[in-house]
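Structure, as structure tokens:
Computed from the coordinates by the stated procedures, all read-outs in this text should not be read as laboratory data. Note that the structure is a prediction, hence the values are computed from the model and not measured. Virtual Cβ from ideal backbone geometry, glycine too; neighbours counted across all protein chains shown.
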Amino acid sequence: MPINQVTKRQVRTISRKDSGPADFDVDAIAETLGQYLTGFANGEGSFNLSFRPRGDYRQPWKISLCFNVSQRDPAVLLVLREQLRCGTMRQRADGCWYYEVNTLGDLNRYVLPFFRRFGFLAPTKQRDFAKFCELTALMLQGQHLTLQGVRMILDIRRDMNDGGKRRYSEEEILAIYTGESSETVRRRPMKSAMRQSELHGDVQSG
């Protein structure tokens, strides 16, 4: 179906959370379409890592990865979702449509292979994607469940998205694990973790 023929009614029909089929073949995606969608994501998409406090669980933070794209016209987002075979779409209060994939398994199986094949042109997006691949590998190994792993994750996150404003600082995140004040943690130099030896799991760092 041509992109410009997609309607909002059709978007609402498929705006549900599911997982794509096991036989997903990124090489079967047409080169021109893949390059077009990657160019679109290069300008409008982002790869994000979030920390949310959870006082009712044995882990103090819920650590999540997310790939998302927002656009006022849902047409291209629908095509992207169709090709990636995963994720959800919703319309925000401002009228903008929002497509996101935040399930670790779907990111690893569909999103990463797609962008590895077609690649990004912008150096900053290449950097963020490479770091996102590292983060995915660490979390698939369960490293986000340990203090050492959280330190590694924070080290990788530091330069993502040009070090944009964070809801929680590194000091605030680590202070919950150590029981120290965030100021005490801030004054202690944070050593860069040796990550490469930890990345021999299910995903390579791309």
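With Cα atoms as the point set, the stretch 71-161 shows a radius of gyration and Dmax of 14.9, 42 Å. Charge tally around I29: other residues with Cβ under 11 Å, Lys/Arg +1 each, Asp/Glu -1 each, net -2. Coordinate range of the alpha-carbon atoms in the stretch 31-100 per principal axis, descending: 46, 29, 21 Å.
Please sort 99-109, 116-126 by packing, taking for each peptide the average over its residues of neighbouring beta carbons within 10 angstrom, highest first.
Values: 99-109: 19.1, 116-126: 14.3.
Going from most to least packed, we get 99-109, 116-126.
FRET efficiency for the L33 to R166 pair, using the beta carbon distance and R₀ = 30 Å, is estimated at 0.30.
Placing a pseudo-label 7 Å from each Cα along the Cα-to-Cβ vector at E44 and R116 gives an inter-label distance of 2.6 nm. If you average the C-alpha positions of the stretch 36-58 and of the stretch 99-153 separately, how far apart do those two centres end up, in angstrom? That distance is 9 Å.
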